[in-house]
1. Can you classify the stretch 101-187 as rounded, prolate or oblate using the Cα gyration tensor, where a ≥ b ≥ c are the square roots of its eigenvalues, rounded means a/c under 1.5, and otherwise it's prolate if a/b beats b/c and oblate if not?
2. Taking amide H atoms as placed 1.01 Å from N in the peptide plane, list the residues 5 or more away in sequence, or in a different chain, whose amide H sits under 5 Å from that of residue 519.
3. For each pair in 93/121; 176/228; 254/502; 219/249, compute the distance between the two Cα atoms and list the pairs where it is over 21 Å.
4. If you find the alpha carbon centre of the stretch 299-366 and of the stretch 68-95, how far apart are they in angstrom?
5. In square nanometres, what is one fourth of the surface area of the convex hull spanned by the alpha carbons of the stretch 224-331?
6. Would you mind classifying the stretch 435-561 by shape? Square roots of the alpha carbon gyration tensor eigenvalues, ordered a ≥ b ≥ c; an a/c under 1.5 is rounded, otherwise it is prolate if a/b is larger than b/c and oblate if not.
7. Between the DSSP loop rule and a limit of at most 13 other Cβ atoms within 10 Å, which trypsin sites (Lys or Arg not before Pro) in the stretch 245-281 are left?
8. Tabulate in residue order the Karplus-calculated ³J(HN,Hα) for the stretch 90-102, using 6.51 cos²θ - 1.76 cosθ + 1.60 with θ = phi - 60°, rounded to whole Hz; enter x for Gly and Pro.
Amino acid sequence: MQMLRLAAIRLASSSSSSLSLSWRPNRTAKLTMFSGDSNYDDPSLNSTRKSPFSPSEFPHSNTDHQTLFHVLEACKLSSNVRAAAETHSRIIKLGYGTYQSLISSLTSIYASCGCPNLAHKLCNEIPCWDFDLISANLIIVTFMKIGAIDIAKKVFHNMPTRDVVSWNSMIGGCVKNACFEEALRIFQEMLSLNVEPDGFTFASVITGCARLGARDHAKWTHGLMIEKKIALNYILGSALIDMYSKCGKIETAKEIFETIRRDDVSVWNALINGLAVHGLALDAIAIFSRMVVENVSPDSITFVGILTACSHCGLVEQGHKYFDSMTCYSIQPQLEHYGAMVDLLGRAGHLDEAYSIIKEMPMEPDIVIWRALLSACRTQRNSDLGEVAIKKIKQLGSGDYVLLSNIYCSVNKWDSAERVRDTMKKNGIRKYRGKSWIEMAGAIHQFKAGDVSHLEREAIYKVLEGLIRRAKMEGFSPAIELVLMDVSDEEKEENLNYHSEKLALAYGILKTSPGMEIQITKNLRTCLDCHYWMKVVSRILNRVIIVRDRIRFHRFDGGVCTCGDYW
Ligand SMILES: [Zn+2]
Ligand SMILES: [Zn+2]
């Protein structure tokens, strides 16, 4: 409570301009607070007062908690956070610091007035809550915004009554904080309690399914939406297209596109982006052409999509054409368009041209653009330009070091690669933890590299070892440079054999019948070794393996990948 008291006092005495310091007249509030003050409504008096809720104005001896509660309610109505903070210090001084109604009221004021951290602290310190429905919903949204999911959950679970807004705030908040499984779990709970979901609920759930790449969940959610007769507006329509394409069902995404109203550009953008990550650049281009026929103007997102599509397929000439045509639609190329061009040119081996674009672009290139160049330097094995890029990236992340180290390895500059690794160690930079997951019978099974936490780990490793042996017999050899230097994106807990997507694949094989397609989702870019291995396994087992990594979809079939080893 001491820390909170200090925070309240600091806030009360703060002169920060970001706070609403001035008292905005609110008649109701004034009357509630100073009903006995005959002078109060005198405007001249008003102008000389700093704040009607200055602590000095409380009648010292007989201020009870109810008066304080009314003061806080008045602060809430007027969004006067400074007065609330002053009252807060007063509450603590007068010994009312544990009064539930006062704490609840303060929490909702802090939450709604841009002081989520204070609200968070306050919520953490009280054993139970007494919020009204509207305040509680608002507090959930505020906590979700700052990523305080646990405290939002506590508020949610302590609510005596909840409405659809409460559920939507929880589900939407979890999705925004990348807790997709949790979002789906709360959605199930909502249904089991017979709370009717609305369009907003479905928009969040669909996004959750899309991000997870959870096909079964996706299909089931869509079915439920139809059953509940939820009207398909352009937001839900584009969300569905996005969901199916991210779940590897690009054909279903196309079917939905054909059956819904397409007068909003977001519907087109969803499909163009979907086709892009599936490496279907020509289809994306065809869709773009149809926009003209159907009288829909492309926006800046459309161009990001179409340039990305060109980039994934190495269509340099078309990429240039679309980039140049942007001004015809009165769209000025932004950072992301320049980024897409740098990516396109870099991947296609036109490194100098990519670098020229960076030097000539009218705005300051951002970290994403330098990373695109760095990444292209790795593919093209150009360590000189790679060094230029790395100097420009001010805050180097683990991925940047990994890329640079990879570049040095690819041109046999082992000493330089070693130096990068030493720097990483010295600065305590750890590589990202790779994660892959697979959906099986409605459940998501997640694996980390070298994971031994799965209940069926023994069977999984047996399948994996068997596959590794068979792949070796078929001539597969691990990407040597990666083994030597440990330079994959993924944290190396074990050797390359136990990268997360390999474990997920082994589980998929264990649980499905021969010939069935297997789909895996991964949080990072898949490494060279795993990519090569997946190709070999798809041929040995005669199965389609689909891997959605951070960059795009890879569909391995008969020993080849749809990305053409270009990712
Ligand atoms: Zn790997
Ligand atoms: Zn691939």
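1. Cα axes put the stretch 101-187 in the prolate bin.
2. 546
3. 176/228; 254/502
4. Going from one Cα centre to the other spans 54 Å.
5. 6.5
6. Numbers: a/c = 1.28, a/b = 1.12, b/c = 1.14.
In terms of gyration-tensor shape, rounded.
7. 261
8. In residue order, the calculated couplings are 4, 4, 5, 4, 7, x, 9, x, 10, 6, 4, 4, 5 Hz.
No lab work stands behind these numbers, since they all come straight from the coordinates. Owing to the predicted nature of the structure, the values given are computational and were not obtained by experimental measurement. We place every Cβ from the backbone using ideal geometry, glycine too, and count neighbours over all the protein chains shown.
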